[in-house]
Amino acid sequence: MRRAALIALAIACLFAVPAAGAGRADTPGVTATQILLGGTGPLSGPESQYEPVLTGAQAYFAYVNDHGGVFGRKIVYKVEDDSYDPAKTVQFTRQLVEQDKVFAIFNTIGTEHSLAIRGYLNQMQVPELFVGSGATSIAAQHAQFPWTLGLLPSFEGEGSIYGRLIAAGHPTAKIAVLYENDEYGTDLLAGLKRGLGSHAGQIVATASYEPTDVTVDSQVQQLKSAGADTFVIFALPTQAIQAFVSAAKLGWKPTEYVTSISIDPAVMQIVHVNAGAQAGVGATSTAFLHDPTNPTQLKSPGVLLYRQVMKKYLPNEDWKAVAHLYGMMAAYAMVDALKHAGRNPTRQSLLQAATHMNEINPFLLPGLKLTTSPTNYYPIGNTYLVRYLHGFWNVLGKPLKTS
Amino acid sequence: MRAPLRAALVAAAIAASLVAAGSALAANTATIAVSSVGTATTIHINVPQTTDPIAAISIYVPAGYTANLSAAPNTNIGTVDATANGHDVGLTLPLTGLVTTDNPALHTSDPCSPATHAAVWNLNLSVAGSTLVLPLYVDPTAGAATGLGAYQMLICLPPWDVPAGTPGRSFEGAQLLDAEFTVKGIFTAPTGGGLLAWHTLFTPYTPGAGTPNLAGTFEARALAGSASLSLKASKKNGKYTLSGTATEGGLPVAGASVAIQRGASATKLAKAGSATTSTTGAWSASGKLTGKKPVFFKATATVKERDATAQGCAAPLPATVAPGGCSSATLAAWTVSSPVAKLKP
């Protein structure tokens, strides 16, 4: 508790400085008292499970505002509901930029959605910061689209970790892969093959799904039939749950790997309700965020701060959902960038700050940092291996590089 | 829900007895169990997956109970756990969250029950960060409904079996299967013995149509009474004998598991045996007494939910109220401890 209090105090001191003067007259979204940020995400519809990413960020901004804001300015984060439809993402982003005149776009959810607005925002020279994606196309094309910066670890780098792990620890594995048929899934698959290296030929089957598919049962049946003893699940949470459940119901007991997007505590809870308490046990993944339900992390300053913010600003929301914590981690990074953008920030100074980060973020697991440079657009370059045992994801070993 | 259901329920239930119920009616069942421990009241509802989609659940708190409905909006008054079948994803979903009070002024035009309610509670059902807020409307009863109880608690549920994309369809095609919520400091049970019936009316939807089938309204009832466990300790010839009785609403409880603890102080007790209550609710156990220091004993009785349909539904509500009849009567699960008894050597 003491460390959390110290962090809180440090944040309060950091921001409790006299209000700065009004921003430059040509800086949209910045006044003497306010910084207006915009964002889009699925507040409704079937993908509204990501809403906590947005509300978690809003809660953290509220916390910062109550501690003085950034150089005396309150952060206002206006979020529009795109229902996870990239066409709406474009529509609302244009509205946020041209009508609401936001300072920057922050925390956009979805790779396709971020790519859909990237060209426009770069043309307008509006920062598109801490996009919820680790896609190669976002981070690797920074020379062409310098105003767009991701946040998640590289999907390809994460896939590579699993590949290296399998090649080293299970060199005779027969590998089956379920992946989402978009950049998220194909990046992970490409990384897996890269990590497997000379063992890549041991992938005996792959099966993709479309995000709109109702079930992945047939894909899992197909993968099992290939005789695989290792099952790699590169799927979003709903499909990952379905994959675990389907494998268990088929009596298939492979060594399982699942992408870090799908290790919210609720995933295994639902798996167990549907397929028994042993389903998914022993699965391997990667993690860079604290898990507020992990008994070994309950007293970490980041989790204590998280619980404090949740209790005050989102008291009726599900504090166990890691997506809230992710949103706060992103908001913490945004506040850091705003702070380093100076007392009279401009879009250019914000971009400069966002591309020169070296931040210890309390919501990240110990030993991980947010670092960027004009040539490194993957802020989170390391992650931990985790394994699901005894009811939670256990953090293993030392951080591994993802980029 | 396309029409103000509460008003429709009252009006149409009267006419409903004259209307032939839907063909699926015979299959429709549900259970409700209510237990009270201290100031906490736990209500457990279970709806089989094969029952037609449920449009509304009206729970009537028995006469004699009082309710404190004055909590300020956004007060945390309890917890809720539920299970739903997510038909769109083919998964059973565990939902959990808080029960909080809301401002009734914000719900005066809710389609479910457009009126100014004495209280509105929100069941905040969360899974993986998605939270479904289910309002529960609480009012003192009036008119003919006073015959059912002192207060009515009403919940409306969206249909899950209409085509995806239909306005008002439940999230992910979720079908509520089970819900248990506990509220604290709200209800005070009347003093005195006996089991009180919590009449509960379930109104289904016409399958696939998304319109309430008022003629299919059926009842489930909970039988609730204060539970207690007595403990008497005696000694003779170096042996102790424990005995007591488990009762619920003053009536004997058969088949309750009794866990016995003993120890050197009233607060340091360890497991020391077990017993089961007889048809009269009585239980007993014995053992050796050693040492010269006082020995403390405590007993804890546990029962599971019990079906009491045969007796509990013997006098069903009139067909004007529950044309689908009384589908079940249930005694709640509970755990109750005896006072600590002390034996001197």
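Dividing the Cα radius of gyration by the Kirkwood radius, what Rg/Rh value follows for the protein assembly as shown?
Computed over Cα atoms, the ratio is 1.02.
Considering only Cα-Cα distances, which of the following residue pairs are longer than 31 Å: A:88/A:224; B:184/B:268; A:88/A:193? Intermediate values should be presented prior to the final figure.
On the way: A:88/A:224 38 Å; B:184/B:268 28 Å; A:88/A:193 34 Å.
Violating the 31 Å Cα-Cα cut-off are A:88/A:224; A:88/A:193.
Quick one: which residues, 5 or more positions from residue A:34 or on another chain, have an amide H under 5 Å from its amide H? H modelled 1.01 Å from N in the peptide plane, none for Pro or chain starts.
Excluding prolines and chain starts, which carry no amide H, the hits are A:74.
Can you give the FRET efficiency for residue B:279 and residue B:302, using 1/(1 + (r/R0)^6), R0 = 22 Å, r = Cβ-Cβ distance, to the nearest 0.05?
0.80
For chain B, which semi-axes, largest first and in whole Å, follow from the square roots of 5 times the eigenvalues of its Cα gyration tensor? Write out the running numbers ahead of the final one.
Working: eigenvalues 364, 89, 73 Å².
After scaling each eigenvalue by five and taking roots: 43, 21, 19 Å.
Give a residue-ordered list of calculated ³J(HN,Hα) values for segment B:102-110 (Karplus: 6.51 cos²θ - 1.76 cosθ + 1.60, θ = phi - 60°; whole Hz; x for Gly, Pro).
Working through the residues one at a time gives 10, 7, x, 5, 7, 10, 5, 10, 4 Hz.
Can you tell me the orientation of helix A:51-66 relative to chain A, as the angle in degrees between its alpha-carbon axis and the longest Cα principal axis, to the nearest 10?
Result, in degrees: 30.
Calculate the dipole size of chain B relative to its Cα centre from +1 charges on Lys and Arg beta carbons and -1 charges on Asp and Glu beta carbons; express the result in debye to the nearest 20.
So the dipole magnitude of chain B works out to roughly 2600 debye.
Given the rule -39500 (n - 2.57) for each run of at least 4 DSSP H residues, summed and divided by the residues of the protein assembly as shown, what is its mean residue ellipticity at 222 nm, to the nearest 500 deg cm²/dmol?
Rounded to the nearest 500, the figure is -7500 deg cm²/dmol.
For the pair residue A:174/residue A:212, report the inter-label distance in nm, with labels modelled 7 Å from Cα in the Cβ direction.
In this crude label model, residue A:174 to residue A:212 measures out at 3.5 nm.
List the residues whose amide H sits under 5 Å from the amide H of residue A:203, counting only those 5 or more places along or on another chain, with H placed 1.01 Å from N in the peptide plane.
It is A:175, by chain and number.
Angle check, please: helix A:265-275 long axis (alpha carbons) against the longest principal axis of chain A (alpha carbons), in degrees 0 to 90, nearest 10.
Helix A:265-275 sits at roughly 30 degrees to that axis.
To the nearest µm²/s, what D does Stokes-Einstein give for segment A:155-287 at 37 °C and 0.692 mPa s, using the Kirkwood radius over alpha carbon pairs as Rh?
For the chosen part, D equals 231 µm²/s.
Just need the relative contact order of chain A here, percent rounded to a whole number, with Cα pairs under 8 Å and 6+ apart.
Reported relative contact order: 17 percent.
Quick one: angle between helix A:322-340 and the longest Cα principal axis of chain A, in degrees between 0 and 90, rounded to 10, please.
Tilt relative to chain A: about 40 degrees.
Within straight cross-link reach of residue A:312, meaning Cα distance under 14 Å, which aspartates and glutamates are found once same-chain residues fewer than 8 apart are removed?
Straight-line reach from residue A:312, under 14 Å: A:66.
Bins of 10 Å, beginning at zero and ending with the bin holding the largest distance: percent of Cα pairs per bin for chain A, please.
The distribution over chain A is 5, 23, 33, 24, 11, 3, 0, given as percents.
Gap in Å between the Cα centre of segment B:41-86 and the Cα centre of segment A:138-164?
47
Only the coordinates and a few stated rules stand behind these numbers; no lab work does. Being a predicted model, the structure only gives us computed values, none of them experimental. Neighbour counts run over all protein chains shown; Cβ positions are idealised from the backbone, glycine included.
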